[in-house]
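Participant: Sharing a structure below in C-alpha coordinates format, with a few things to ask.
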Amino acid sequence: QQGNEHRGVLTYGPVSLVWYGSFTHTRAADSETARWLDAALGSVDGSPWKIVAAHHPLTGKHGPGPDEPSQARQRKLFAEVMQKHGVVLHLSGHIHCYDRSEPIIWRDKAWHLDPGGITYAVVGTGGVGQCGTSPGWRYSAVSSQYFYGTTLIEATQDELSLSLISESGQIVDEQSWF
(Lines give C-alpha, C1' and ligand atoms only; values in the text may rest on other atoms or scores of the structure.)
Protein backbone atom coordinates (compact mmCIF):
# COMPACT_ATOMS: atom_id res chain seq x y z
CA GLN A 1 0.00 0.00 0.00
CA GLN A 2 1.53 3.24 -1.04
CA GLY A 3 1.90 5.57 1.92
CA ASN A 4 1.55 2.83 4.54
CA GLU A 5 4.29 0.20 4.71
CA HIS A 6 2.49 -1.49 7.60
CA ARG A 7 -0.18 -3.07 5.42
CA GLY A 8 -0.48 -4.56 2.01
CA VAL A 9 -1.65 -7.34 -0.28
CA LEU A 10 0.48 -9.74 -2.30
CA THR A 11 -0.93 -12.47 -4.52
CA TYR A 12 1.54 -15.08 -5.70
CA GLY A 13 0.09 -18.02 -7.58
CA PRO A 14 -2.87 -19.42 -5.63
CA VAL A 15 -1.97 -17.60 -2.38
CA SER A 16 -3.03 -14.12 -1.33
CA LEU A 17 -1.13 -12.71 1.63
CA VAL A 18 -2.63 -9.72 3.41
CA TRP A 19 -0.68 -8.06 6.20
CA TYR A 20 -1.53 -5.26 8.60
CA GLY A 21 0.17 -3.34 11.37
CA SER A 22 -0.98 -4.52 14.77
CA PHE A 23 0.48 -1.60 16.70
CA THR A 24 -2.69 0.52 16.84
CA HIS A 25 -4.02 1.31 20.28
CA THR A 26 -7.21 3.27 19.75
CA ARG A 27 -10.75 2.26 18.83
CA ALA A 28 -10.68 4.56 15.81
CA ALA A 29 -7.40 3.13 14.50
CA ASP A 30 -8.54 -0.47 15.09
CA SER A 31 -11.85 0.20 13.32
CA GLU A 32 -10.05 1.80 10.39
CA THR A 33 -7.67 -1.16 10.13
CA ALA A 34 -10.61 -3.59 10.26
CA ARG A 35 -12.33 -1.67 7.42
CA TRP A 36 -9.08 -1.75 5.42
CA LEU A 37 -8.66 -5.50 6.13
CA ASP A 38 -12.24 -6.15 4.99
CA ALA A 39 -11.64 -4.28 1.72
CA ALA A 40 -8.23 -5.92 1.17
CA LEU A 41 -9.61 -9.42 1.72
CA GLY A 42 -12.61 -8.57 -0.45
CA SER A 43 -10.22 -7.71 -3.28
CA VAL A 44 -8.81 -11.27 -3.22
CA ASP A 45 -12.04 -13.21 -2.56
CA GLY A 46 -11.37 -15.34 -5.66
CA SER A 47 -8.04 -16.56 -4.29
CA PRO A 48 -8.03 -20.24 -3.25
CA TRP A 49 -5.82 -19.56 -0.21
CA LYS A 50 -5.95 -16.45 1.94
CA ILE A 51 -3.31 -15.86 4.63
CA VAL A 52 -3.26 -12.86 6.96
CA ALA A 53 -0.12 -11.77 8.82
CA ALA A 54 0.54 -9.34 11.65
CA HIS A 55 3.23 -8.78 14.24
CA HIS A 56 1.14 -9.49 17.35
CA PRO A 57 -0.76 -12.76 18.00
CA LEU A 58 -4.54 -12.55 18.22
CA THR A 59 -5.00 -15.85 20.05
CA GLY A 60 -3.65 -18.35 22.50
CA LYS A 61 -1.67 -17.99 25.64
CA HIS A 62 0.44 -15.41 23.79
CA GLY A 63 -2.57 -13.44 22.56
CA PRO A 64 -4.26 -10.49 24.21
CA GLY A 65 -5.26 -10.84 27.81
CA PRO A 66 -7.91 -8.97 29.79
CA ASP A 67 -5.38 -6.28 30.65
CA GLU A 68 -4.75 -5.53 26.97
CA PRO A 69 -8.03 -4.02 25.79
CA SER A 70 -6.69 -2.73 22.47
CA GLN A 71 -5.46 -6.17 21.40
CA ALA A 72 -8.64 -7.83 22.69
CA ARG A 73 -10.61 -5.36 20.55
CA GLN A 74 -8.43 -6.23 17.55
CA ARG A 75 -9.07 -9.93 18.16
CA LYS A 76 -12.84 -9.47 17.89
CA LEU A 77 -12.79 -7.05 14.96
CA PHE A 78 -10.16 -8.82 12.88
CA ALA A 79 -11.29 -12.41 13.54
CA GLU A 80 -14.80 -11.59 12.35
CA VAL A 81 -13.48 -9.96 9.15
CA MET A 82 -11.11 -12.86 8.43
CA GLN A 83 -13.85 -15.44 9.01
CA LYS A 84 -16.17 -13.56 6.64
CA HIS A 85 -13.61 -13.85 3.84
CA GLY A 86 -12.54 -17.46 4.38
CA VAL A 87 -9.01 -16.87 5.65
CA VAL A 88 -7.39 -20.23 6.50
CA LEU A 89 -4.21 -19.08 8.26
CA HIS A 90 -3.19 -16.13 10.45
CA LEU A 91 0.57 -15.76 10.97
CA SER A 92 2.16 -13.66 13.68
CA GLY A 93 5.42 -13.34 15.56
CA HIS A 94 6.30 -11.12 18.53
CA ILE A 95 6.66 -14.10 20.89
CA HIS A 96 9.91 -15.98 20.27
CA CYS A 97 8.54 -19.50 20.01
CA TYR A 98 6.08 -21.53 17.92
CA ASP A 99 2.43 -22.12 18.67
CA ARG A 100 -0.19 -23.37 16.20
CA SER A 101 -3.88 -23.56 17.00
CA GLU A 102 -6.49 -26.00 15.86
CA PRO A 103 -8.91 -24.39 13.35
CA ILE A 104 -11.10 -22.05 15.40
CA ILE A 105 -13.69 -19.32 14.99
CA TRP A 106 -14.60 -16.32 17.15
CA ARG A 107 -18.31 -16.39 18.07
CA ASP A 108 -20.31 -15.21 21.06
CA LYS A 109 -17.27 -13.55 22.71
CA ALA A 110 -15.25 -16.77 22.72
CA TRP A 111 -13.16 -19.10 20.56
CA HIS A 112 -14.74 -22.33 19.32
CA LEU A 113 -13.24 -25.32 17.53
CA ASP A 114 -14.45 -25.46 13.94
CA PRO A 115 -12.94 -27.57 11.13
CA GLY A 116 -13.65 -24.71 8.71
CA GLY A 117 -12.11 -22.10 11.01
CA ILE A 118 -8.82 -20.21 10.94
CA THR A 119 -5.54 -21.72 12.10
CA TYR A 120 -3.48 -19.18 14.08
CA ALA A 121 0.29 -19.70 14.10
CA VAL A 122 2.79 -17.76 16.18
CA VAL A 123 6.06 -18.20 14.31
CA GLY A 124 8.73 -16.41 16.31
CA THR A 125 11.41 -19.10 16.15
CA GLY A 126 13.90 -16.76 14.51
CA GLY A 127 14.65 -15.33 17.96
CA VAL A 128 14.54 -17.89 20.75
CA GLY A 129 14.46 -16.93 24.39
CA GLN A 130 11.06 -15.74 25.52
CA CYS A 131 8.85 -18.70 26.26
CA GLY A 132 10.52 -22.08 26.69
CA THR A 133 8.34 -25.20 26.73
CA SER A 134 5.16 -24.89 28.71
CA PRO A 135 1.57 -26.14 28.61
CA GLY A 136 -0.37 -24.82 25.67
CA TRP A 137 -3.57 -22.96 25.26
CA ARG A 138 -6.65 -25.17 25.17
CA TYR A 139 -6.92 -24.80 21.37
CA SER A 140 -3.22 -25.35 20.65
CA ALA A 141 -2.33 -28.18 18.30
CA VAL A 142 1.41 -27.61 18.91
CA SER A 143 2.66 -25.30 21.65
CA SER A 144 5.76 -23.38 22.66
CA GLN A 145 8.51 -25.12 20.82
CA TYR A 146 11.83 -23.73 22.06
CA PHE A 147 14.37 -23.76 19.23
CA TYR A 148 15.47 -21.75 16.22
CA GLY A 149 13.52 -22.57 13.10
CA THR A 150 11.82 -21.37 9.95
CA THR A 151 8.42 -21.84 8.40
CA LEU A 152 7.85 -23.09 4.88
CA ILE A 153 4.53 -22.47 3.17
CA GLU A 154 3.80 -24.29 -0.08
CA ALA A 155 0.66 -24.08 -2.20
CA THR A 156 -1.06 -25.47 -5.25
CA GLN A 157 -4.60 -24.72 -6.39
CA ASP A 158 -5.77 -27.70 -4.32
CA GLU A 159 -3.51 -27.73 -1.25
CA LEU A 160 -1.82 -25.34 1.16
CA SER A 161 0.79 -26.64 3.60
CA LEU A 162 2.75 -25.15 6.47
CA SER A 163 5.90 -26.82 7.80
CA LEU A 164 8.00 -25.76 10.77
CA ILE A 165 11.63 -26.72 10.19
CA SER A 166 14.25 -26.68 12.97
CA GLU A 167 17.74 -25.31 12.44
CA SER A 168 18.95 -28.92 12.07
CA GLY A 169 16.54 -29.41 9.15
CA GLN A 170 14.03 -31.57 11.02
CA ILE A 171 10.34 -31.05 10.21
CA VAL A 172 8.86 -30.36 13.64
CA ASP A 173 5.26 -29.57 12.67
CA GLU A 174 3.13 -29.83 9.55
CA GLN A 175 -0.39 -28.71 8.73
CA SER A 176 -2.21 -29.02 5.40
CA TRP A 177 -5.45 -27.66 4.03
CA PHE A 178 -7.33 -29.12 1.04
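Participant: Where does the charge balance sit around Ser92 when Lys and Arg score +1, Asp and Glu -1, over other residues with C-beta under 12 Å from its C-beta?
Facilitator: Around Ser92, the surrounding residues sum to +1.
Participant: Let me ask something else. Along the Cα→Cβ direction, 7 angstrom out, place labels at His112 and Tyr12. What is the inter-label distance in nm?
Facilitator: Placing both labels 7 Å along Cα→Cβ, they lie 3.6 nm apart.
Participant: Kindly report, to the nearest 10 Å², the accessible surface of Leu10 as traced by a 1.4 Å probe over protein heavy atoms only.
Facilitator: Surface accessible to solvent at Leu10 totals approximately 90 Å².
Participant: Going 7 Å from the Cα of His55 along its beta-carbon direction, which residues of the range 102-125 have the amide nitrogen within less than 19 Å of the resulting point?
Facilitator: Hits in the range 102-125 for His55 at 19 Å: 121-125.
Participant: Oh, and also: Taking the Cα centre of each part, how many Å lie between the range 30-54 and the range 146-178?
Facilitator: Each part reduced to its Cα centre gives a spacing of 23 Å.
The values are calculated or read from the model by the stated rules, or taken from the named source; none is laboratory data. Everything numeric in this text was worked out from a predicted model, so none of it was measured. When we count neighbours, we look across all protein chains shown, and the Cβ atoms used for this are built from the backbone with ideal geometry, even at glycine. Heavy atoms of the whole protein, side chains included, go into the accessibility calculation; ligands, DNA and RNA do not. Shrake-Rupley method; radii C 1.70, N 1.55, O 1.52, S 1.80 Å.
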